[in-house]
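The values are calculated or read from the model by the stated rules, or taken from the named source; none is laboratory data. In this text the structure is predicted, and so the values were computed from the model without any measurement. A quick note on method: Cβ atoms are made from the backbone with ideal geometry, for glycine too, and the neighbour counts reach across all protein chains shown. Note: areas computed on protein heavy atoms with side chains; ligands, DNA, RNA excluded. Shrake-Rupley method; radii C 1.70, N 1.55, O 1.52, S 1.80 Å.
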Amino acid sequence: MCTVVIDVSTPTRLLAVRDEDPQREWDDMGAWWPEHYPGVTGIRDRRAGGAWLALDPATRRLAVLLNRADVLDLPASEVVSRGGLVLESVVGRSPEPPLRTHGFNLLEVSPEHARVLSWDGVELTETPVVDGVHMIAHDGLDDPATARIATWLPRFRAERPAPDDPDWSARWLELLAESGELSPEDDRAIIRDNHVHGYPTMSLLYCIAAVSDAGAVARSYTLARPGQWG
């Protein structure tokens, strides 16, 4: 139940919040895949070896994975981890059905376009992300039925950064901090504790990133306490 805010412009910029089980070990931003994905950096999941968010400055691509519900009917032993999709995406190999993974929204960003590939266990669909500010979580792009999107998307759009603003993330981070004043169990919250919703995941970190003709860059920031802003 991660959250991404993206401004498709020149450059395209995003703020991504990762929700994961705090007991699932992970590694912060780094070049963890030098043999198979040289030059790629990202947030690594130690258990499966894939990535939540990754980027390749050489190809100027970035990808981030958000879980979503599915109707996949496979034994657990046959299900493939979704983290490998992120690494493949940033080197130019987007997923194609049939897929043996649980449901996801895969946000792909390059200087030319941004899109969301969504898999529900049966069908893979594509949603272009057009110019402007958008949000995505566990359902569709800009989904008004998702409480945090309905609450915060108008605010992020009102604070759309100027293309030439070197401190473009400052106001968005102020909004993220403001959202952190909500209880992490409130469904409107971006910094979340999802136990009350039936999931063992909590917000662990956030990233700010930008993609342009000059390259792709990202910085990550670990929260001091899972599910808590301050």
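Observations
- Net +/- balance of residues flanking Trp152 in space, Cβ distance below 10 Å, scoring K and R +1, D and E -1: +3
- Springs join every pair of Cα atoms under 10 Å in this Gaussian network model of the chain, and among Asp21, Asp187, Asp164 the largest mean-square fluctuation is at Asp164.
- Correct option for Cα extents along the principal axes in Å [calculated from the coordinates] among (i) 71, 39, 29; (ii) 44, 42, 31; (iii) 49, 37, 34: (ii)
- From helices alone, the chain scores -4000 deg cm²/dmol at 222 nm; the rule is -39500 (n - 2.57) for each run of n ≥ 4 DSSP H residues, then divide by the residue total.
- Over the chain, accessible surface divided per residue gives 46 Å², non-protein components excluded, 1.4 Å probe.
- Across the accessible surface of segment 70-186, with the other protein chains kept in place and a 1.4 Å probe, carbon and sulfur atoms take up 50 percent.
- Stokes-Einstein D for segment 88-224, Kirkwood Rh over Cα pairs, 10 °C, 1.306 mPa s (µm²/s): 95 µm²/s
- Surrounding net charge for Arg60, when Lys and Arg each add one and Asp and Glu each subtract one, Cβ distance under 13 Å: -3
- Label-point separation, Asp131 to Ala48 (7 Å along Cα→Cβ), nm: 3.7 nm
- Computed E for Glu112/Ser77 - FRET, C-beta separation, R0 41 angstrom, nearest 0.05: 0.60
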